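Q: Have a look at the structure that comes next, please.
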Amino acid sequence: MQAVVIKSITATIQRGAIKADGKFTLTGSDLTFTPFNTKFGLGPYTFSRREIVKVSKCTGKVAGIFPFTHDAIEIVLSDGNKYQFIVSNAGEWIKLLTQ
């Protein structure tokens, strides 16, 4: 049985100066990011919604240094790992992930 998709968009993961575009999908139980190009080693990732302990706005940066957008979120997992994604409507994603 396939999970029901709540929301799915194109997003960008950023890890320092490295970025990768991909598909960002939320279901009732999981959040996934599947990169369009897997050569960068940034995914795919699947996070159980139960693992997510904090979601907050952050800044998308050019070259990992220069801010260029505030439409980004940082997801903190229960193991302490942090992931940053540039998304449209960051506030809506924060609401969806903290419900």
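The values are calculated or read from the model by the stated rules, or taken from the named source; none is laboratory data. Quick caveat: nothing in here was measured; it's all calculated off a predicted structure. FYI the Cβ positions are ideal-geometry reconstructions off the backbone, even for glycines, and counts take in every protein chain you see. These area figures cover heavy atoms from the full protein model, side chains too; ligands, DNA and RNA do not enter into them. Shrake-Rupley method; radii C 1.70, N 1.55, O 1.52, S 1.80 Å.
Q: Considering (1) in contact with a Phe, Trp or Tyr (Cβ under 6 Å, 6 or more places away or on another chain); (2) modelled with pLDDT under 95; (3) open to solvent by less than 50 Å² (accessible area, probe 1.4 Å), say which one Ile86 fails and leave the rest.
A: So the condition that Ile86 fails would be (1).
Q: Could you give every pair whose Cβ atoms fall below 6 Å, whose first residue belongs to region 68-91 and is of a type outside the set (Lys, Arg), and whose second residue is part of a helix (DSSP H, G or I) and open to solvent by 60 Å² or more (accessible area, probe 1.4 Å), counting only separations of at least 6 or pairs across chains?
A: Sorted first by the residue in region 68-91, then by its partner, the pairs are Leu77/Glu51; Ser78/Glu51.
Q: Which one is surrounded by the most Cβ atoms within 10 Å (Cβ to Cβ), of the residues in region 67-83 that are closer than 16 Å to Glu51 by Cβ and within 12 Å of the chain's Cα centre (by Cα)?
A: Restricting to residues being closer than 16 Å to Glu51 by Cβ and within 12 Å of the chain's Cα centre (by Cα), the top hit is Ile75.
Q: Filter region 29-42 for residues that are open to solvent by less than 60 Å² (accessible area, probe 1.4 Å) and not hydroxyl-bearing (Ser, Thr, Tyr); which is farthest from Ser88 (Cα to Cα)?
A: Gly41
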